[in-house]
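Worksheet: one structure, shown below.
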Amino acid sequence: MPLLSSKLSSEQESLQVDTQCPFCSVQCKIRITQQPASSQSLRPAYAVEGIPNAASEGRLCVKGMNAHQHLTSAERLLHPMVKKDGKLVPATWKEALRKIRDNFITVQQQYGPDAVGLYGGGSLTNESAYLLGKFARVALGTKYIDYNGRFCMSAAASAGNKTFGVDRGLTCRLSDIPLARCIILAGTNIAECQPTLMPYFTRAKENGATIIVIDPRETATAALADIHLQIRPGTDAALSNGLLKVLLDEKLMDPNFIAKRTKGFAELEEHLSSIQLDEIAEMTGLAKEAIQKAAVAYGKADTGIIFTARGVEQQTDGHVAVRNFLNMVLATGKIGKPGCGYGAVTGQGNGQGGREHGQKSDQLPGYRSIDNEQDRAYVAGVWGIDPAELPGKGVSAYEMMELVHQGTIRSLFVMGSNPVVSNPNADLVEEGLAKVDFLAVADMFLSETARMADVVLPVTAYLENDGTLTNLEGRVLLRESKLTPPGETRHDWEILCELAAGLGKSSYFAFRSAEDIFNELREASRGGLADYYGITYERLRKEGGVYWPCPSTDSSVSNGMMFERTFAHADGRAVFFPVPSGQPQETPDDDYPLTMTNGRVLSHYLTGVQTRRSPSLAARSVDNFIELHPLTAKKYKIEDGEWVEVRSRRGSFHAKSRYTDKIREDSLFVPMHWGGAQNVNKATSPELDPNCKMPGFKTSTVAIIPLRLQ
């Protein structure tokens, strides 16, 4: 199936398509040109180049260069499938949709509206994410909806809300990075996860910036650092207490900013008086002098930015760990001005927008709270329903899987996600989905989750559908395509509208285009924290991208800088919060002597459903691997490159060993992109952060055994 064949009118024509990368949160612009098939090959060739935009400046990484490949995969789903006699077989859309509708009706009649759950994804467009939330609450009336972004941004989002009064990934702009004289990168490997952003940091270094990287591994990002704090996994909250202690003792805080724009500093100051730097050094596995050097570099710099990502956030104290880094930002007054701020480096393509418009269990569009009566009344008015009809707050993504396992949620609809691989304690998730009464999945491929489904619906890809996405700096971007969808694939939002019609709710879902949905989203978000009202498709086409909040179509383009004069709390002040120096939720013992972290590699994305179908990307990393220090390998009799089993209290998985002296001897690192026997999440802990329900992916204790010795 040639990718763009439907648009070619003759063998001599080539076709040029301007689009947007479907992967990370930078959202780089791409130009793909298809050349006619040559006499030597039946398959067309593709030329791929970056198009300059405000984020990527025309750069592409290896994933973006090959993002079109998975669309032509022979594994691409082109027709609906239903399970008969234990096997998925082709079906008509009528049959597939009727089966889903009938199940929803039967289950809800027998067990109540909350017996059906919906599970979304952070790569869905704003329009699809918005409609999924509306579908859950209006078409089904269920409170159970959440999404895989819970595993990505929830700690930083909740910390931003508590500290600043609003969550937006970057409080500054990417263009501020070269202006910063000190940059702290805490738990983020930008060189592999958002590589097209690296020139911003090299530019900052050329301008004299001190780069500080906090990471248990010496990553490609850490190689850029002037100071690398190779921390013991799970002790970021303690480290930031040590950094704050030095800032206080060395009088490197900004008393004027603290007095005029914050509250709660006295409590933080009292807390820091009890902090002993020697104890912090022992807890984190760092030299006291290194902590002092890093704190002084940040404190003395005229401008500075702190970035956090999953290394800090995917812990059971991730919320407070981020809040402690935000304490540093506030204490030094490095926010709301050029070259200063805080940034949560979003992972998924629409990780920012996907959490703003109702896909999370506790949210309504515009970042409104589902527990707030005024918010409920406003959104109900936009939707044309009584506020009493809106269900209340549900539970987080992993907690939904627990309810599936327990039988509380008896029917589950998954759109744009692969929970069998992405959730912690993956064996429990797989067991739950295996015994659920009914599972429907909308996806491009038969993912590990889709293979278990009773109905699978084929959806369009990024080159075939329209919609907006919000990148890591809060800039809304329009991705358009006029390509004919292959086979019988349909857009996510079309599927939701058709299912709603089958449930007798067609009047609430009478959309004819993604732009129609966006226009309702604009109204639903109006006046909310994430206000998109002033953003239109026409404006996005003209301006290339618009920052939120954008309350008026008449306003000039926002400069993207947050908190220049006031914070989003009612009194306009940001909030300090004393954070305890806690231990990780699991500490090594005789049975499980090593701490395992997980993360990403350059050539893959999320659970690999798309990138493992790209020949060029799959060839770079065929099997999963586990990084360990050579001295650790010697201790456990592990040879370089051999298959090993990693065991935890939850379960086990297999991976190939890979020696590296760039990791701590007490730690292991495993990528998260593989399913089946190579799924690292079979061993990760399901314990959740009590504030934001983020699982503790980064601090699972494990044992490692060579398979040849079993």
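The values are calculated or read from the model by the stated rules, or taken from the named source; none is laboratory data. What you see is a predicted model, and the numbers here were worked out from it, not measured in a lab. Positions of Cβ are backbone-derived with ideal geometry, glycine not excepted, and every protein chain shown enters the neighbour counts. Accessible surface is based on the protein model in full, side chains and every heavy atom, while ligands, DNA and RNA are left aside. Shrake-Rupley method; radii C 1.70, N 1.55, O 1.52, S 1.80 Å.
Taking each residue of region 66-87 that is within 20 Å of Q20 (Cβ to Cβ) and small (G, A, S) and looking for partners that are in a strand (DSSP E or B) and open to solvent by less than 20 Å² (accessible area, probe 1.4 Å) with beta-carbon atoms closer than 8 Å, six or more apart or interchain, yields A67/I30.
Scan region 440-455 for residues that are outside any loop (DSSP other than H, G, I, E, B), more than 21 Å from N679 (Cα to Cα) and more than 20 Å from the chain's Cα centre (by Cα) and report the count.
2
Within region 110-126, one or more residues are open to solvent by 10 Å² or more (accessible area, probe 1.4 Å), outside any helix (DSSP H, G or I) and free of Cβ contacts under 8 Å to residues at least 60 places away in the same chain. Inspection of region 324-346 finds a residue satisfying the criterion of being in contact with a Lys or Arg (Cβ under 9 Å, 6 or more places away or on another chain), at pLDDT below 95, of a type in the set (A, V, I, L, M, F, W, C) and open to solvent by less than 10 Å² (accessible area, probe 1.4 Å). Each residue in region 540-558 was checked for being over 25 Å from the mean Cα position of the chain (by Cα) and open to solvent by less than 60 Å² (accessible area, probe 1.4 Å), and 2 pass.
Yes or no, residue by residue, for (1) of a type in the set (D, E, K, R); (2) modelled with pLDDT under 90; (3) touching a helix residue (DSSP H, G or I) at 6+ places or on another chain (Cβ under 9 Å); (4) over 28 Å from R650 (Cβ atoms):
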site: S556; (1), (2), (3), (4): no, yes, no, yes
site: E564; (1), (2), (3), (4): yes, no, no, yes
site: F567; (1), (2), (3), (4): no, no, yes, yes
site: P580; (1), (2), (3), (4): no, no, yes, no
site: P588; (1), (2), (3), (4): no, no, no, no
site: L594; (1), (2), (3), (4): no, no, yes, no
site: R600; (1), (2), (3), (4): yes, no, yes, no
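Out of all the residues in region 383-422, which are farther than 30 Å from A683 by Cα and touching a Pro at 6+ places or on another chain (Cβ under 8 Å)? Steps first, answer last, please.
As a first pass, look at region 383-422 and keep what is farther than 30 Å from A683 by Cα: 383-392.
Selection gives P391 alone.
Yes/no matrix, rows are residues, columns are (1) surrounded by fewer than 24 Cβ atoms within 10 Å (Cβ to Cβ); (2) modelled with pLDDT of 95 or more; (3) within 25 Å of F413 (Cβ to Cβ):
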| site | (1), (2), (3) |
| --- | --- |
| E448 | yes, yes, yes |
| A453 | no, yes, yes |
| T460 | yes, yes, yes |
| L469 | no, yes, yes |
| E480 | yes, no, no |
| L483 | yes, no, no |
| G487 | yes, yes, yes |
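Just one residue in the set Y508, Y537 is farther than 16 Å from L469 by Cβ, aromatic (F, W, Y), at pLDDT 95 or above and surrounded by fewer than 21 Cβ atoms within 10 Å (Cβ to Cβ); that residue is Y508. Looking at G354, is it touching a helix residue (DSSP H, G or I) at 6+ places or on another chain (Cβ under 8 Å) and buried (at least 24 other Cβ atoms within 10 Å of the Cβ)? Here the answer is yes, as G354 does meet what is asked.
Can you give me the ranges of the strands (runs of 3 or more DSSP E) entirely in region 612-710 with at least 1 residues that are out of contact with any helix residue (DSSP H, G or I) (no Cβ under 8 Å at 6 or more places or on another chain) and either open to solvent by 10 Å² or more (accessible area, probe 1.4 Å) or at positive phi (or both)?
Details: elements: 625-628, 643-647, 652-659, 667-671, 700-706.
By residue number, 625-628, 643-647, 652-659, 700-706.
If I ask for residues that are of a type in the set (G, A, S), in contact (Cβ under 8 Å) with a residue 40 or more places away in the chain and outside any helix (DSSP H, G or I), which ones from region 501-526 would you list? Passing the criteria: only S513.
For region 156-165, the tally of residues that are open to solvent by 10 Å² or more (accessible area, probe 1.4 Å) and touching a residue at least 24 places away in the same chain (Cβ under 8 Å) stands at 3.
State all residues of region 574-588 that are surrounded by 18 or more Cβ atoms within 10 Å (Cβ to Cβ) and either in contact with a strand residue (DSSP E or B) (Cβ under 6 Å, 6 or more places away or on another chain) or under 21 Å from K245 (Cβ atoms) (or both); if no residue qualifies, say none. Scanning region 574-588 gives A574, V575, F576, F577, P578, V579, S581, P584, E586. Within region 362-373, residues that are over 16 Å from A136 (Cβ atoms) sit with their Cβ atoms under 7 Å from residues that are outside any loop (DSSP other than H, G, I, E, B) and among the hydrophobic types (A, V, I, L, M, F, W, C), at 6+ positions apart or across chains, in these pairs: G366/A524. Within region 29-46, the set of residues being of a type outside the set (S, T, Y) and modelled with pLDDT under 90 comprises Q34, Q35, P36, A37, Q40, L42, R43, P44, A45. K263 meets all of the listed conditions (1) open to solvent by 80 Å² or more (accessible area, probe 1.4 Å); (2) within 14 Å of G582 (Cα to Cα) but one, namely (2). Being more than 26 Å from G234 (Cβ to Cβ) and more than 14 Å from the chain's Cα centre (by Cα) holds for only one residue in G349, G353, G333, and it is G333.
Taking the criterion of being open to solvent by less than 10 Å² (accessible area, probe 1.4 Å), under 17 Å from the mean Cα position of the chain (by Cα) and under 22 Å from E494 (Cα atoms), the residues of region 128-155 that qualify are S128, A129, Y130, I145, D146, Y147. For L60, the conditions (1) buried (at least 24 other Cβ atoms within 10 Å of the Cβ); (2) in contact with a strand residue (DSSP E or B) (Cβ under 7 Å, 6 or more places away or on another chain); (3) assigned to a loop (DSSP other than H, G, I, E, B) are fulfilled apart from (1).
List, please: which pairs have Cβ atoms under 9 Å, are six or more places apart or on different chains, and start with a residue in region 320-345 that is within 15 Å of V579 (Cα to Cα) and free of Cβ contacts under 8 Å to residues at least 60 places away in the same chain and end with one that is open to solvent by less than 10 Å² (accessible area, probe 1.4 Å) and assigned to a helix (DSSP H, G or I)? So the pair list comes out as V329/T163.
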